[in-house]
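A.B. asks: Here's a structure for you.
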């Protein structure tokens, strides 16, 4: 009887250890995905700002050209 109890406790301990290891791997994967998402978001914000600045330059140039045509 004690042998069965020991075996069951041993199995529970092994399952806990495996679960914790799997949880750690899943958490690391989640953290990596989140970090990549933040990097991509930052890159998109930079691209958007560059496009806004380029658009402002185009508008300024069009205004300059329109003043010469008037």
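Read-outs throughout are calculated quantities, based only on the coordinates presented, and are distinct from any laboratory measurement. Every value quoted in this text rests on a predicted model; they were computed, and no experiment measured them. In this analysis, Cβ positions are derived from the backbone assuming ideal geometry, glycine residues included, and neighbour counts consider all displayed protein chains.
A.B. asks: Using the Kirkwood radius built from alpha carbon pairs, what does the Stokes-Einstein equation give as D for the chain at 25 °C and 0.890 mPa s, in µm² per second?
C.D. replies: Rounded, D is 139 µm²/s.
A.B. asks: Can I ask one more? Treating the angle as unsigned and between 0 and 90°, give the value, to the nearest 10°, between the Cα long axis of helix 2-69 and the longest Cα principal axis of the chain.
C.D. replies: 0
A.B. asks: Tell me the mean residue ellipticity at 222 nm calculated for the chain from its helices only (DSSP H runs of n ≥ 4, each -39500 (n - 2.57), averaged over every residue, nearest 500). Intermediate values should be presented prior to the final figure.
C.D. replies: On the way: 1 runs with 68 residues, N = 70.
Calculated from helices alone, the mean residue ellipticity at 222 nm is -37000 deg cm²/dmol.
A.B. asks: Can you work out the FRET efficiency for the pair residue 42 and residue 63, with r the C-beta to C-beta distance and R0 = 22 Å, to the nearest 0.05?
C.D. replies: E(calc), rounded to 0.05, equals 0.10.
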